[in-house]
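Peer 1: Okay, here's the structure, questions in a sec.
Nothing in this text is a laboratory measurement; each read-out follows from the coordinates by a stated rule. Small disclaimer: the values here were computed from a predicted structure and weren't measured. Cβ placement follows ideal geometry from the backbone for every residue including glycine, while neighbour counts extend to all protein chains displayed.
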């Protein structure tokens, strides 16, 4: 899959591209079926909602789950991003966000790159966010919302919100959100929320300001959110555990296009549990070869 | 304003009727302009959001604010409900719900009549909920959601939720919500959320199951929610303060249709503050004249 000139211009202008139904129901079924067992695990990589047992986010499933390890190497996702950046990619972060029926809490307005810069010392914005819907996303189950064009502002001011939800987040001030939404068209298009069937994919810029509301509908809204970083742009610090910000900068090699339908062999380095090293963190900047 | 046969059938089937833009922008402006001063008051009738100074709901403004006292007597709202019940009405409850930009919290799935029966000993369901939008309601600012037809179930089981938000509510169990939504069409119409400009009105059955999500958009979603009870169906107990469940069963006399544009005189019994009696409560059943 290659991006057209029109898509490239649209991405530059709006900060995102939406591909409804990019993966078929057959392709997403194995992924979705694998989620409950992953969510049941009592491991550091499962973050639960505040005051609830529902999983808010699961980290690094591509390191210990076959279906997700295959998704992480899917050419329909990897190739267009390689095209955009003009180089090979590594997996910076891999999450399966629950946003479970009745329980899914908000994700406040934020940018991702701000965190990667501040915490991980990622040099530039050359990392792409990818969302893949494992459930239908509709009006009622807390769709992801974007402020189109907000990526053009670069990294905006943010404060570390440690209390609103169970997961600390660098969130953008309300007043600035109001201004960005007005600038993007106010009530006419200042916020957009792509909706579609399971298997849909969104590519969005790492500086695009986004959020999602709570899910009080009876429908789960499980989505994979991952970040593909240009290899030359790898992080320079391991302040966060490895299951949150990965440290293996080896370029991703794609599997064939039918890799969600056939059991191609994949490496699962954390199959037998998180290594102790994955929990070690450091405030030191990496020493790079000259 | 009179309801057509088609509207009566629709109300019976779905449990609600939506009137987009029933009041003009000129008519709602005075109402909306009066809200900030009312919300600023440090009074028992202003309930604030959990952990925030934003007002979640203001009670009984028709007792101390001229514009809202006029709205409470508006024939475009009162007459169709009189038609439906075939008798005069009194005001059982009057709220201005904030659902303020960035701060508005969820209202969990619930029915209203269950509370009125259990707390207030209201004999039957002959009380109508009315929602009037003072701000535009859109996809992003936490629209009211209904499960069409759920009023046909009568009063369903509920539990008193004292912790989720700042306002205790009798909420319906998740499993039952799932079933009601499936029965109403699942992802094809099992939940509906009327959206429209300021001045829109919804009439909805007191047994209709409803909820609304949080509002993390930059747009307030202030709405008046009031309950018009058939006079013969008045409550039989004053377990809740009078500003929440009114005790004056005098039939409402309508003002002229232009009452939101002209300063018709209205009585404001609580203009100088809540009387002490309004805070008195009792578990005794009212003794009625034989």
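Peer 1: Per residue of B:101-110, count partner chain C-beta atoms within 10 Å of its C-beta, then hand back the mean as an integer.
Peer 2: Details: counts 3, 8, 1, 0, 2, 5, 1, 2, 4, 0.
Mean shielding by partner chains, rounded to a whole number: 3.
Peer 1: How far, in nm, would the chain grow between residue A:162 and residue A:50 when pulled straight, counting 0.36 nm per residue and subtracting the alpha carbon separation? Before the final figure, lay out the partial values.
Peer 2: Values: separation 112, 0.36 × 112 = 40.32 nm, distance 1.16 nm.
Gain on stretching residue A:162 to residue A:50: 39.2 nm.
Peer 1: Could you list B:247, A:126, A:13 in order of exposure, starting from the residue whose Cβ has the fewest other Cβ atoms within 10 Å?
Peer 2: On the way: B:247 16, A:126 19, A:13 12.
Listed from fewest to most nearby Cβ atoms, that is A:13, B:247, A:126.
Peer 1: Can you list, shortest first and in nm, the gaps between the label point of residue B:7 and those of its counterparts in the other copies, using a point 7 Å from Cα in the C-beta direction?
Peer 2: Distances to the matching label points in the other copies: 5.0 nm.
Peer 1: Give the shape of region B:145-242 as rounded, prolate or oblate, defined through the alpha-carbon gyration tensor: a ≥ b ≥ c are the square roots of its eigenvalues, a/c under 1.5 means rounded, and otherwise the shape is prolate if a/b is larger than b/c and oblate if not.
Peer 2: Working: a/c = 1.34, a/b = 1.14, b/c = 1.18.
Rounded, since a/c falls under 1.5.
Peer 1: Next up: Multiplying the sequence separation of residue A:43 and residue A:152 by 0.36 nm and subtracting their Cα-Cα distance, what value in nm do you get?
Peer 2: Numbers: separation 109, 0.36 × 109 = 39.24 nm, distance 3.76 nm.
Between residue A:43 and residue A:152, full extension yields an extra 35.5 nm.
Peer 1: Evaluate the relative contact order of chain B (contact order divided by residue number), counting alpha-carbon pairs under 8 angstrom at least 6 apart; express in whole percent. Display every interim value, and only then the final one.
Peer 2: On the way: 624 pairs, mean separation 92.0, N = 290.
Computed over chain B, the figure is 32 percent.
Peer 1: Which semi-axes, in whole Å and largest first, does the equivalent ellipsoid of region B:5-289 have when worked out from the alpha carbon gyration tensor as the square roots of 5 times its eigenvalues? Write out the running numbers ahead of the final one.
Peer 2: Numbers: eigenvalues 127, 101, 88 Å².
Each semi-axis is √(5λ); the values are 25, 23, 21 Å.
Peer 1: Let me know the mean shielding of B:215-221 by other chains, meaning the per-residue number of their Cβ atoms within 10 Å of its Cβ. Could you put the intermediate results ahead of the total?
Peer 2: On the way: counts 1, 12, 10, 15, 6, 0, 0.
For peptide B:215-221, the averaged partner shielding equals 6.
Peer 1: Just to be sure I understand: with springs between alpha-carbon atoms less than 10 Å apart, which residue in A:146, A:204, A:19 has the highest mean-square fluctuation in the Gaussian network model of chain A?
Peer 2: A:19
Peer 1: With r as the distance between the Cβ atoms of residue A:257 and residue A:4 and R0 = 22 Å, compute the FRET efficiency 1/(1 + (r/R0)^6) and round to 0.05. Don't skip to the answer; put the middle values down first.
Peer 2: Numbers: r = 19 Å, r/R0 = 0.86.
Step by step, r from the Cβ atoms, then E = 0.70.
Peer 1: If each label sits 7 angstrom from Cα along the C-beta direction, how far apart, in nm, is residue B:26 from its counterparts in the other copies?
Peer 2: Here the equivalent label points are 6.4 nm apart from this one.
Peer 1: Using a label point 7 Å beyond Cα on the Cα-Cβ vector, give me the inter-copy distances for residue B:264 in nanometres, one decimal, shortest first.
Peer 2: 7.3
Peer 1: Among B:162, A:260, what is the fewest-to-most ranking by other Cβ atoms within 10 Å? Display every interim value, and only then the final one.
Peer 2: Working: B:162 9, A:260 21.
So the residues, fewest neighbours to most, are B:162, A:260.
Peer 1: May I pose another question? Please say if the protein assembly as shown is rounded, prolate or oblate, where rounded means a/c under 1.5 for a ≥ b ≥ c the square roots of the C-alpha gyration tensor eigenvalues, and otherwise the choice is prolate for a/b larger than b/c and oblate otherwise? The partial results should precede the final answer.
Peer 2: Working: a/c = 2.29, a/b = 2.13, b/c = 1.08.
It comes out prolate by the Cα gyration axes.
Peer 1: Starting with the fewest neighbours, write out B:71, A:8, A:203 ranked by other beta-carbon atoms found within 10 Å of each beta-carbon. Kindly include the intermediate steps, with their values, before the conclusion.
Peer 2: Numbers: B:71 28, A:8 14, A:203 21.
Fewest-to-most ranking of B:71, A:8, A:203: A:8, A:203, B:71.
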